[in-house]
Structure formats: C-alpha cells, structure tokens
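Accompanying notes for the structure given below.
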Amino acid sequence: MYDVAIIGAGPAGASAAIFCAKAGKRTLVIDNDLSITRRAWIENHYGVPQISGPDLVETGRQQAKKFGAELVKAEVTNVTRGADGLQVETDQGTYTARHVIIATGVYTDLAEKIGLRTKPGTEPRIKTIVEVDSQGRTNIDGVWAAGTIAGVSVHTIITAGDGAKVAVNVISELNGERYVDHDVYKPFT
Ligand SMILES: Cc1cc2nc3c(=O)[nH]c(=O)nc-3n(C[C@H](O)[C@H](O)[C@H](O)COP(=O)(O)OP(=O)(O)OC[C@H]3O[C@@H](n4cnc5c(N)ncnc54)[C@H](O)[C@@H]3O)c2cc1C
C-alpha cells in the first residue's frame, strides 16, 4: 500500500513526488515517458538561468528518487476504488494507494476514462482540463490533479509549483494538520 501514487513524472508530477517522499510518505510515480517538457528549452524558470527540458525532467526524477520515491515506467490504464484503497492499473501490474495525484499533462484520456469531471481548457493549445477545487481535489474522493491537466498556465515553474501545492495538501490530509517542509541553511542552524 502506497500513501500516494502519482501518475506523470513531468514538472508537476515529479515536484509532487519530491514533497511526498521527503515527507516520509510511501510514494510511487508511474510515467510512460511522453512528457512534452522534453521538447522545451527553458530560460524562465526562477533560480535556473537556463536548462533543457530533458535535463529538467531528469533532475526532477533524481530528486524524487533521492528522497525514496519509487519510479515505474508504465502506462496507467485505469484507477478504481477497491476494498483497501485506490487500485492503479498499469500495463506492468496493479498498485494500491491511499491517494492518487493525476499529473498527466496534456493527456486527458485516463482522466476521462476513470470518470473525472472535465471542462474546456483556458490556456493556449490546451483543449480539455480536469475540474479541481482550490486544493487540487477532483470529483473522485482521494484523487487529485496537478499541473497542465489541472488547468494552470503551462510553464515549468507554475506546473512544478502546482504539483508541490497539491502534494502539501495531500500530506496535510494524511497527517491531519498543515504540513511545512523547511530546511535551514547551515550558517543559520
Ligand atoms: C516546445 C515547448 C517549449 C516549451 N518551452 C517552455 C519554456 O521555455 N518555459 C516554460 O516554463 N515552459 C515551457 N514549456 C512548457 C513546459 O515544458 C510543460 O509543458 C509544462 O511544464 C508541463 O508540465 P506537466 O508536468 O503538467 O506535463 P508533462 O511534462 O507533459 O508531464 C506529463 C507526464 O505524464 C505522463 N503520462 C500521461 N499519461 C500517462 C499515463 N496514462 N500513464 C503514465 N504516464 C502518463 C507523460 O508521459 C508525461 O511524462 C514548453 C513546452 C513545449 C512543448
């Protein structure tokens, strides 16, 4: 049983995984390697003067792994509610999790298949998005959405930020109190 299963390892999904794993949550990330971020050259990501999309995606995955997140290369085909949690079906097997974060970018087929309420996108070239509340909750209990698929502006700093926001909300729900993840710079400890 995972605390959180994250579908998608682009900026939104990997950022959520970094927070969840660093909070000590048993975190699974499932990705089928079709991130549109891999086509980007990025010079507007605060704190990172310039980076290629592939390097940003790889760095995010390594950060998540560093804190114990498990990354699986697979296609998620369905998410259903089972007796002991959410069943995440993939072409490589089925996993069980308490919470699921959908961070599948421009790909909405899974969201529509599992019955998530969707609506027309408002960002350029984004046709459909998943309806979420301000916390990132969808119409299915325990299923959250973050990043491009949740309708935020399609920029790495924003999709990564949204992934982190939703992760903090999921961690806070699991902990039963608001979560904060602050490390202190050595000279100030
Ligand atoms: C050509 C181009 C240039 C860009 N330039 C910039 C730029 O200069 N600055 C900037 O800030 N942003 C730029 N962007 C936007 C940015 O790269 C991303 O689009 C954005 O950050 C998307 O992040 P995401 O995590 O929501 O989606 P993605 O990065 O697309 O990640 C979604 C992940 O979900 C996975 N997935 C989907 N469905 C499934 C499934 N069923 N099972 C398993 N895995 C699944 C996909 O394989 C993918 O890895 C650019 C984008 C493009 C295309």
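Worth pointing out:
- Note on exposure: Glu177, Glu70 ranked by accessible area (1.4 Å probe, complete protein assembly) read Glu177, Glu70, with the most exposed listed first.
- Counting only protein heavy atoms and using a 1.4 Å probe, the accessible area of Ser172 comes to about 10 Å².
- The distance between label points at Val184 and Ser52 comes to 4.1 nm (points 7 Å beyond Cα on the Cα→Cβ vector).
- Semi-axis lengths (Å, descending) of the ellipsoid that matches the C-alpha gyration tensor of the stretch 32-189: 25, 21, 17
- Most mobile listed residue (Gly24, Gly47, Gly163) in the chain, GNM with C-alpha springs under 10 Å: Gly47
- Projected label distance in nm at Glu43 and Ser172, using a 7 Å step from Cα toward the beta-carbon: 3.7
- Projected label points at Lys127 and Lys66, each 7 Å from Cα along the beta carbon direction, are separated by 3.8 nanometres.
- Here the stretch 102-189 is assigned +1 on the Cβ of each Lys and Arg and -1 on the Cβ of each Asp and Glu. Its dipole about the Cα centre then comes out at about 220 debye.
- Candidate lysines - alpha carbon under 16 Å from Lys119, same-chain residues fewer than 8 apart omitted: Lys127
- Environment charge at Thr118 (Cβ cut-off 10 Å; Lys +1, Arg +1, Asp -1, Glu -1): +1
- Cα-based reach from Lys113 at 19 Å (exclusive), listing aspartates and glutamates while leaving out same-chain residues under 8 positions away: Asp31, Glu75, Glu89, Asp91, Glu131, Asp141
- Of all accessible heavy-atom area on the stretch 2-175, the percent that carbon and sulfur account for (1.4 Å): 49
- Test item: Cα-centred dipole of the stretch 38-189, Lys/Arg +1 and Asp/Glu -1 on Cβ, debye: 200
- Candidates Ala69, Tyr185, Gln87 compared by Cα position along the dipole of the chain: farthest toward the positive end lies Tyr185, with charges placed on Cβ.
- In sequence order, calculated HN-Hα J values of the stretch 66-77 (Karplus, 6.51, -1.76, 1.60; Hz; x Gly/Pro): 4, 9, x, 5, 9, 10, 10, 8, 6, 9, 7, 10
- Ellipticity estimate at 222 nm from DSSP helix runs (n ≥ 4, -39,500 (n - 2.57)) divided over the chain, nearest 500: -8500 deg cm²/dmol
- Cα-based reach from Lys73 at 16 Å (exclusive), listing lysines while leaving out same-chain residues under 8 positions away: Lys65
The values are calculated or read from the model by the stated rules, or taken from the named source; none is laboratory data. In this text the structure is predicted, and so the values were computed from the model without any measurement. Here Cβ is always computed from backbone atoms with ideal geometry, including for glycine, and neighbour counts include all displayed protein chains. Please note that ligands, DNA and RNA were not included when accessible areas were found on the heavy atoms of the full protein model with its side chains. Shrake-Rupley method; radii C 1.70, N 1.55, O 1.52, S 1.80 Å.
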